[in-house]
Structures are given as structure tokens and as C-alpha cells.
Amino acid sequence: MASVRDVTFELLRAHGLTTIFGNPGSNELPFLAGLPDDFRYLLGLHEGVVLAMADGYAQARRGPALVNLHAAAGTGNAMGQLTNSVYSHSPLVVTAGQQVRSTVGQEVMLANVDAAALPRPLVKWSSEPASAEDVPRTISQAIHTATLAPQGPVYVSVPYDDWRAESSVEARHLLSRTTVTAAALTTPQLTELAAMLDRAERPVLILGPDVDAVAANDHAVALAEALAAPAWIAPSASRCPFPTRHPAFRGVLPAGVKAISDLLAGHDLVLVVGAPVFRYHQYDPGRYLSEGTRLVHLTVDPGEAARAPMGDAIVCDLADTLARLTAAVTLGRRAALVPLPPIPAPRSGSASRLHPEEVFAVLRDTAPADTVWVTESTSTTGAFWAQADLREPGSYYFPASGGLGFGLPAAVGVQLADPDRQVVALVGDGSANYGITALWTAARYRIPVIFVILRNGTYGALRWFAQVLAAGEAPGLDIPDIDFTALAAGYGVTGVTVASRTALVEAVTDALAAGEPRLIQVDTDLTTP
Ligand SMILES: Cc1ncc(Cn2c(C)c(CCOP(=O)(O)OP(=O)(O)O)sc2=O)c(N)n1
Ligand SMILES: [Ca+2]
């Protein structure tokens, strides 16, 4: 008779979940010991790194990723990164080892007390099965819950004495189950929306991460062209859903209520696709929409639809709806769009420092055109987008809730999922410290990410925010004299410090040829987001 562990590995295999991102403890050993040969385990030295690696991997492969953590302590360490995963709709199946089932109530050492409650509200669903026999079905439910729209992280805690229990023969049904979301607009809904777009004098598109998550970028371009409508990326961008040098592209919306409504004034119809309405950030009170502006919101997430403060929402399949709308609207109703001016020359840095725009311009011109950028340098996002030339789906990732510690490990996960494209991590000298041990995993498994650390010696974004809030000087904002080349060497990654464009070109060129992870530390001027 098959054990619960045997059936669980069969189930994971059936769903392609044979890569485990993890950090083990004694509770996890009965699950991990004797790992089947067709499974691989990627060790992260901190559970925040483990989670963010899995998040990058899942987003880049557009499929689920499996995580194994140590009881409550490991889960707690991972929760910082779950704040990102839950908003990036990352389909993560997070498992955690639990103490022996009969001892949990005594709260013995390593008991994950109230395990299913611990990760909420940072997961879509969580559970600790009520019996060993129910472990396979619970994990099956977790996988389907993570991958059905809206996708998201889920959590299952398993007492370690469950694995050796006998499994029910009925569990075999789980191995072949499939579940899918089918959410197409009805013909009347589509006809009504297409007519609304046709009637609009000045429609505008706002595109979000969920368009890139289903690689519907070309559908978004086709609709923008059919409508001759400008296209913005939704605020607090965590992915790039539209080519940044397309004539319809206008930029990333600022994350303020008044700033957005001012920018959208004059448009009589705003179509938001695949983003919450909206991920505001700085407090910037004002009208949500100008008089005469109507907003329609297409989303995969009923929660986004229900909580928006304005507009009409339709929960639907994004790629299908974009393609059908393009075919349904009337062409040629508006004058051709005037493209943005060419990318401006980057601003120059001060003595012995480069301006972030210079760094991004050199990287853009030296790295391959289909490079994947994983960024976490919070004061330089404006500089990045000003210099960006992103063309393909899956070209850009940023922590969806700004939970730092994502950049370095997520870049490792993205490179693991997408070995045919070069991944470059652009991470601030502050952010780098939250996920620094990812360098060890990159070296250990020879995952050839190029890590670029922008070192301005401060928490730049917080300096900017202190001005926005007129808060004045605050303690704890300076982080001088951290040497990331020394830290990288300690984790097995070769690093170099550069102080000129020429040296940066040379370092990037060397790193591209290395075939193993490399770190490049650049001293940069402080700029604003
Ligand atoms: C886990 C965590 N801790 C603290 C913060 C607060 N925080 C911090 C500490 C920032 C500064 C990041 O500094 P950096 O050097 O990475 O980048 P810049 O200098 O370009 O801002 S931005 C920000 O929101 C956070 N977002 N996430
Ligand atoms: Ca910094």
C-alpha cells in the first residue's frame, strides 16, 4: 500500500512541481530524505530568499512553484516576501513541516501553533489537514487553488508523522484531476464594451501586471493600435505589459490619486486591464476621476473588482477579451498617435559617481535586447523607465508590494525558469541586504545572474518620502561603506566595483561571457523616484 508521502510525490510530479525551493528543519526531514531522483532541491539560506526565488521562478515560468519551509519560524521569515506574492498573483504552493500531530496541542518545541492562521492574510488559502489520510487531497486542493484565477500563494502545514501513514487507494483520483478558469465575456457584454470604445472620443488604456502574466502584451498593443489610444502602465508597476518604445506608449502612471486623475483628464473613457484600480502609494488626495471621464476595469480578480473606489469592473479572461475587443471595435476613428520623443541622453553623474540613468543606459546598450530586468532600487524607478527599451513579455519584475528582499533572489528564480534570456538584477545598496544570501544560492547552483548594486550610501527613497511628507530629517537613513564585492566574495560570487561608463561596459561584457553569477557594484548619485 502506498504511503501518504509516495502519493504526494506522485501528485507533485503530475503537476510538474519537481523543483523544491526550501530551507529545512527537523520537521521537514521525513518529507525530504530520500528525495526521488527526478526532483531537485534549491537551498536558500533564509526563507525570505527561498520564497522570493520561488516567486521569480513562478512568475517567469507562468506556472506554480513549490516551497518547503521549517515550521513557524521559517514561515515567519518568508512572510515578508508573501506580501509581494499575494499581490503579484504568484501561484506558490508553500508547504511547512509540523511537529508530530499528537504533540502540537502541547505546544512542544517546533510546534507550529495554529498553523493555518499564521500566514493569513498573505495567502489565498491555507490549511493543516485534519488527518494524515487527507494530506494528498489537501495538497491537491492547494495546487488547484493556487493556479485557478486569481492565482496566488497557498499554504499547507503537514505534521511530519503523516508522511509514513498509509494512503487511501481513492487518492489515485487526485493524480489526473484538472481544473481551469473559463471567464469569457458574453457576446452582449463584448458588443456593449466595443460600442463604448467606439463612441469614445479620447479613450486611453491602462495596463497592469496581469496582462504580462498571461503574455497578452501583443493583444494590448493590437487594441491600442485599433483604437489609436495611448497606453500607460498602471502605477506601482511590478511587471511590464507593453513595449516601452511603441508609439502608443506613454509611461508608468504616478501612484497618486490627484496625479493620476490630472493625467487622465480629457480622456472620456479609461480602460484598465489587468491591474488593481489603483495601487496608489504616496498620499495625494484629489478627485478619483475628472468630470466626464468614465472608467471600465477588466480584471482576473473579483477582489480587485469589488474594492475599487470607482468605475465599472468585469472579471474575465484578459487575453481573450483584448483579442475579441480588437476584432470588434471600428478602425480608423481617430487620428494616428504622436509617439513620445526618443529616449533622452542620460544625466551625468558627479565626480567618481555615475547617475542611475547612465547605469541604465549603459546596461540597455550593452546587454542583449531581450534581457530580463529584476529591479529593486526604489529611488531610481523613474530613471529606469526613462531609459528603458523593453520589448518582450516577461522583461521586468519589481516587488509587487515593495517588500524589500525580492530583487536578488527573484532574479535567481527568474534565471532558473528562463535560462535562454540573460537576467540582470538592479538592486539598491539598501535592498540588497534583505536578500543578500541569494548570492550563495546563485554561486552554489551556478545560476548566471548579473547582479548590479547601485550604491548611493542611503535609503534614497525614504529621503525622498521624508520630503514628500515634509517630515524633516529622520534617523536610520544612511548606510555608508558597505562593500558588496567583499560580501559577494564571501558567498562565492566574483564582484567588481566600477566608477565610470567605460569600466561599467567592460564589467558587463565580462559578466555576459562568464557563464556564472557576477556582481557589479556602482557608486551612484542620489536621485528621486
Ligand atoms: C522589508 C522592507 N523593509 C523596509 C522597507 C522600507 N523601505 C526602505 C528601507 C527603502 C530604501 C531602499 O533603499 P535602496 O538603497 O535599496 O534603494 P534607493 O536608495 O534607490 O532608495 S524603500 C522602502 O519602502 C521595505 N519597503 N521593505
Ligand atoms: Ca540606496
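The values are calculated or read from the model by the stated rules, or taken from the named source; none is laboratory data. Since this is a predicted model, take the numbers as computed values, not measurements. Because the Cβ atoms are built from the backbone with ideal geometry, glycine has one as well, and the counts that use them run over all protein chains shown. Remember, those area values only see protein heavy atoms, side chains included, never the ligands or the DNA or RNA. Shrake-Rupley method; radii C 1.70, N 1.55, O 1.52, S 1.80 Å.
Assorted remarks:
- Members of region 250-261 that are open to solvent by 10 Å² or more (accessible area, probe 1.4 Å) and either closer than 21 Å to P341 by Cα or in a strand (DSSP E or B) (or both): R250, G251, V252, P254
- Counting only strands (runs of 3 or more DSSP E) that fall entirely inside region 75-162 and contain at least 1 residues that are among the aromatic types (F, W, Y), the qualifying elements are 125-127, 154-159.
- S167 being open to solvent by less than 40 Å² (accessible area, probe 1.4 Å) and of a type in the set (S, T, Y): yes
- Filter pass, A229 being in contact with a Phe, Trp or Tyr (Cβ under 8 Å, 6 or more places away or on another chain) and open to solvent by less than 10 Å² (accessible area, probe 1.4 Å): no
- Answer residue from region 277-299, given it is in contact with a Gly (Cβ under 7 Å, 6 or more places away or on another chain) and part of a loop (DSSP other than H, G, I, E, B) and is surrounded by the most Cβ atoms within 10 Å (Cβ to Cβ) among those: V277
- Matching residues in region 87-113 - criterion: being open to solvent by 30 Å² or more (accessible area, probe 1.4 Å) and closer than 26 Å to L148 by Cβ: Y87
- Some residue of region 446-466 being more than 24 Å from V359 (Cα to Cα), within 13 Å of ligand 1 (Cβ to nearest atom) and either surrounded by fewer than 16 Cβ atoms within 10 Å (Cβ to Cβ) or acidic (D, E) (or both): yes
- Boolean, A432 is within 22 Å of F21 (Cα to Cα), surrounded by 24 or more Cβ atoms within 10 Å (Cβ to Cβ) and within 16 Å of ligand 2 (Cβ to nearest atom): yes
- Qualifying residue in region 353-367 (condition: touching a Phe, Trp or Tyr at 6+ places or on another chain (Cβ under 8 Å), touching a residue at least 40 places away in the same chain (Cβ under 8 Å) and open to solvent by 50 Å² or more (accessible area, probe 1.4 Å)): no
- Per-region count, region 435-463, residues closer than 11 Å to F484 by Cα and within 15 Å of ligand 2 (Cβ to nearest atom): 6
- Verdict on V424 being under 16 Å from L363 (Cα atoms) and more than 13 Å from ligand 2 (Cβ to nearest atom): yes
- Restricting region 477-490 to residues that are open to solvent by 60 Å² or more (accessible area, probe 1.4 Å) and of a type outside the set (A, V, I, L, M), the residue that is farthest from ligand 2 (Cβ to nearest atom) is G490.
- Pairs are defined by a Cβ separation below 6 Å, a sequence spacing of at least 6 or placement on different chains, a first member in region 38-65 that is free of Cβ contacts under 8 Å to residues at least 40 places away in the same chain, and a second member that is hydroxyl-bearing (S, T, Y); the pairs so defined are D38/T18; F39/T18; R40/T19.
- Some residue of region 409-417 being away from ligand 1 (no atom under 16 Å from the Cβ), open to solvent by less than 10 Å² (accessible area, probe 1.4 Å) and of a type in the set (A, V, I, L, M, F, W, C): yes
- Considering residues of region 377-401 that are within 14 Å of ligand 2 (Cβ to nearest atom) and out of contact with any helix residue (DSSP H, G or I) (no Cβ under 6 Å at 6 or more places or on another chain) only, the residue most open to solvent (accessible area, probe 1.4 Å): T381
- Residues of region 496-525 that turn out to be under 22 Å from Q415 (Cα atoms), in contact with a helix residue (DSSP H, G or I) (Cβ under 7 Å, 6 or more places away or on another chain) and open to solvent by 30 Å² or more (accessible area, probe 1.4 Å), as a count: 4
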